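The next block holds one structure in the form of structure tokens; read it before the comments.
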Amino acid sequence: MLNRVILMGRITQDLELKTTASGISVTSFSIAVDRNYVKQGEQRQTDFINIVCWRQQAEFVCRYFGKGSMIAIEGQLQSRTYQAKDGTNRYVTEVVADNVSFTGERRDQNNNGYGNNNGYGNYNQAPQQSYNQAPVQQQQPASYSNGTSSDFEEMPLDDDLPF
């Protein structure tokens, strides 16, 4: 059986990194994914897909993405049932992400929309400390000749294969 989902969309909410009682990092959020087709005379339809990230993926997402960020997700579709606080049973379908990546889209350097800066810093910021070192002298690569036809031996062509 095959259960793979690949999505690209915008994060619709502020991210929150949570930790389970056993110390495992988790975050859940939704992304807005536009449909490829548009019915004549209507606007493009958008689907809102629930995403769950665990462990290092959760930490990565909360550190480098934020509300409005474009994100690429690869994972598995999962459905589950749980009992809400009011006693009703709830049914949830979500993508459990096992691969999260940037899409190549960048915003301006003022952090307008990217990263919620949960104490992790901003990947767009310049380093706080600079080092004044002399440039390192690089070693010149060894020179190699391309060879000449006299460097190679002509092999006789016969129909006998060695195996």
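Coordinate-derived values only; no laboratory data. Not measured: the values here are computed from a predicted model. Because the Cβ atoms are built from the backbone with ideal geometry, glycine has one as well, and the counts that use them run over all protein chains shown.
Some values worked out for this structure:
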| read-out | value |
| --- | --- |
| Alpha-carbon centroids, region 1-46 and region 81-105: separation in whole Å | 9 |
| Approximate spin-label separation residue 89-residue 34, in nm, with each point projected 7 Å along Cα-to-Cβ | 3.9 |
| Residues 61, 100, sorted so that the one with the fewest Cβ neighbours within 10 Å comes first | 100, 61 |
| Cα-centred dipole magnitude for region 14-66, charges only on beta-carbon of K, R (+1) and D, E (-1), debye, nearest 20 | 100 |
